[in-house]
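This report concerns only the one structure given below.
The values are calculated or read from the model by the stated rules, or taken from the named source; none is laboratory data. Given the structure is predicted, the values throughout are model-derived calculations rather than measurements. Cβ atoms come from the backbone with ideal geometry, glycine included; neighbour counts cover every protein chain shown. In case anyone asks, the SASA skips ligands and DNA or RNA and just uses the protein heavy atoms, side chains included. Shrake-Rupley method; radii C 1.70, N 1.55, O 1.52, S 1.80 Å.
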Amino acid sequence: VCVGYQHAWCDIARTTVGPVQWLSWFAQARYIVTSTFHGTIFAIKFRKPFVCSMNPAILNKVGSLVADLGLEDRVAHGSFERRVLLQAIDYDAVFARLEPQSAASRDFLKNSLASLFD
């Protein structure tokens with residue numbers, strides 16, 4: 001299933017989906033192959049086995065994200081082997097690395113919003 005794009009190698013293509021449908025496809029997927037930053041984010045959020053096919057437009061954002069989370073083996077520069085999708089991801093370790101960054105983001109947002117009302 002391809003969501004948001006048309007690819008000849010997909011059995012089903014859903015090119016016009018809203019955000020709720022898009023998220024639903026990701027939440028229900030067994031595996032995710034993506035070439036987008038948001039696809040990578042939601043693969044991680046939903047704890048799915050994934051591969052990100054790297055392209056120059058997302059190289060910096062996805063590169064730093066996967067490096068910070070120890071997921072460099074999930075990046076494909078060109079083709080990838082299916083075995084990568086079958087390898088388990090230790091999402092407990094991934095989220096342990098992600099939590100301090102999430103907490104810092106929440107604190108920044110809280111402080112920024114609070115400063116609007118001072």
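Yes or no: LEU113 surrounded by 12 or more Cβ atoms within 10 Å (Cβ to Cβ) and either at pLDDT 90 or above or of a type in the set (Lys, Arg) (or both)? No: the conditions fail for LEU113. Sub-8 Å Cβ pairs linking a first residue in region 1-29 that is over 12 Å from PHE42 (Cα atoms) and at pLDDT 80 or above to a second residue that is assigned to a strand (DSSP E or B) and open to solvent by 30 Å² or more (accessible area, probe 1.4 Å), at least 6 apart or interchain, are GLN21/ARG14, ordered by first then second residue.
Would you be able to say whether some residue in region 41-53 is touching a Cys at 6+ places or on another chain (Cβ under 6 Å) and either under 21 Å from CYS10 (Cβ atoms) or assigned to a loop (DSSP other than H, G, I, E, B) (or both)? No, there is no match, as no residue in region 41-53 is touching a Cys at 6+ places or on another chain (Cβ under 6 Å) and either under 21 Å from CYS10 (Cβ atoms) or assigned to a loop (DSSP other than H, G, I, E, B) (or both).
Condition check for SER79 on (1) assigned to a strand (DSSP E or B); (2) more than 13 Å from the chain's Cα centre (by Cα): one failure, at (1).
Check region 98-109 and report whether any residue there is hydrophobic (A, V, I, L, M, F, W, C), open to solvent by 70 Å² or more (accessible area, probe 1.4 Å), touching a Pro at 6+ places or on another chain (Cβ under 8 Å) and in a helix (DSSP H, G or I). Break it down into steps so the answer makes sense when it comes.
Initial filter on region 98-109 (hydrophobic (A, V, I, L, M, F, W, C)): 98, 103-104, 108-109.
If we keep only those that are open to solvent by 70 Å² or more (accessible area, probe 1.4 Å) as well, we get 108-109.
With the extra rule that they be touching a Pro at 6+ places or on another chain (Cβ under 8 Å), the set shrinks to none.
There is no residue in region 98-109 that is hydrophobic (A, V, I, L, M, F, W, C), open to solvent by 70 Å² or more (accessible area, probe 1.4 Å), touching a Pro at 6+ places or on another chain (Cβ under 8 Å) and in a helix (DSSP H, G or I).
For region 66-74, the condition holds for at least one residue, the condition being that it is open to solvent by 70 Å² or more (accessible area, probe 1.4 Å), under 17 Å from PHE95 (Cα atoms) and without any contact (Cβ under 8 Å) to a residue 12 or more places away in the chain.
Let's see how each residue does on (1) more than 24 Å from LEU98 (Cβ to Cβ); (2) in a loop (DSSP other than H, G, I, E, B); (3) of a type outside the set (Asp, Glu); (4) open to solvent by less than 50 Å² (accessible area, probe 1.4 Å):
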| position | (1), (2), (3), (4) |
| --- | --- |
| ALA8 | yes, yes, yes, no |
| VAL17 | yes, yes, yes, yes |
| TRP22 | no, no, yes, no |
| TRP25 | no, no, yes, no |
| VAL33 | no, no, yes, no |
| GLY39 | no, no, yes, yes |
| ASN60 | no, no, yes, no |
| GLY63 | no, no, yes, yes |
| LEU85 | no, no, yes, yes |
